[in-house]
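The structure appears right after this line, and notes come after that.
Since every read-out is calculated from the coordinates, none of them should be taken as a lab result. What you see is a predicted model; the values in this text were computed from it and never measured. Glycine gets a Cβ as well: all are built from the backbone with ideal geometry, and neighbour counts include every protein chain shown.
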Amino acid sequence: DSGVTQTPKHLITATGQRVTLRCSPRSGDLSVYWYQQSLDQGLQFLIQYYNGEERAKGNILERFSAQQFPDLHSELNLSSLELGDSALYFCASSPRGGRPYEQYFGPGTRLTVT
Amino acid sequence: TQLLEQSPQFLSIQEGENLTVYCNSSSVFSSLQWYRQEPGEGPVLLVTVVTGGEVKKLKRLTFQFGDARKDSSLHITAAQPGDTGLYLCAGASDRDDKIIFGKGTRLHILP
């Protein structure tokens, strides 16, 4: 158990819908990262937050957005869902001050878009 | 665009054999991590290397960071079925803190 929690574990929804994925980092970690993992693309970095502020952006689509709240939990919002958005979404947290040396991953949310 | 290429993509060997997997890039990274991931679970951090030429050992696993901080290798001695999994390397860019993952080496150790 990494100490990072993610909910829900599974999510099935239809195209065009919007969903919110939630992540709670390890106690004391200020950085939260979001990743998308699909079979053909591997693990893709989406976005990083550090202490409530956006720190780095990866290949995140405009239909996706995220935020980190004052209690440090984070949410990833996915809208206008397409079949190709079906994937595993992971959240990770890091103990260092913003530098991505070590990341601890949650168990993931499996999103299926039908 | 920074890329991390891992090789081989797949490796299936007998228990007790030794193996090495590689993580290569043309870019310099401030640090590099190795993770192991099992199906349906999140990656688990194995090691972080920071200094060029650094070697770290974790039981039967030996990790090396290249002198130029562009590549890394993972050597497993006397592989066991419990080593089976997807091994991912990830590099942290000094310029913009973006993390790049390789696509991984899927390792299968046959009993």
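Points to keep in mind about this one:
- 12 Å cut-off, amide nitrogen to a point 7 angstrom out along A:Arg22 Cα→Cβ, residues in segment A:54-81: A:73-76
- Between B:Thr62 and B:Thr20, the simple label model (points 7 Å from Cα in the Cβ direction) yields a spacing of 0.9 nm.
- Longest exposed-site-free window of chain B, the sites being trypsin sites (Lys or Arg not before Pro) in a DSSP loop that have at most 13 other C-beta atoms within 10 Å: B:1-58
- Distance between the modelled labels on B:Leu3 and B:Thr77, one decimal in nanometres: 3.5 nm (7 Å Cα→Cβ projection).
- Only lysine pairs 8 or more places apart or on separate chains count here, and in chain B those with Cα atoms under 24 Å apart total 7.
- Looking at segment A:1-109, the GluC sites (Glu not before Pro) that sit in a DSSP loop and have at most 10 other Cβ atoms within 10 Å of their own Cβ are A:Glu62.
- Spatial separation of Cα centroids for segment A:3-42 and segment B:1-65, in angstrom: 24 Å
- Segments B:40-48, A:1-9 sorted - mean Cβ within 10 Å per residue, highest first: B:40-48, A:1-9
- Neighbouring Cβ atoms from other chains, within 10 Å of the Cβ of residues in B:42-52, number 4 on average.
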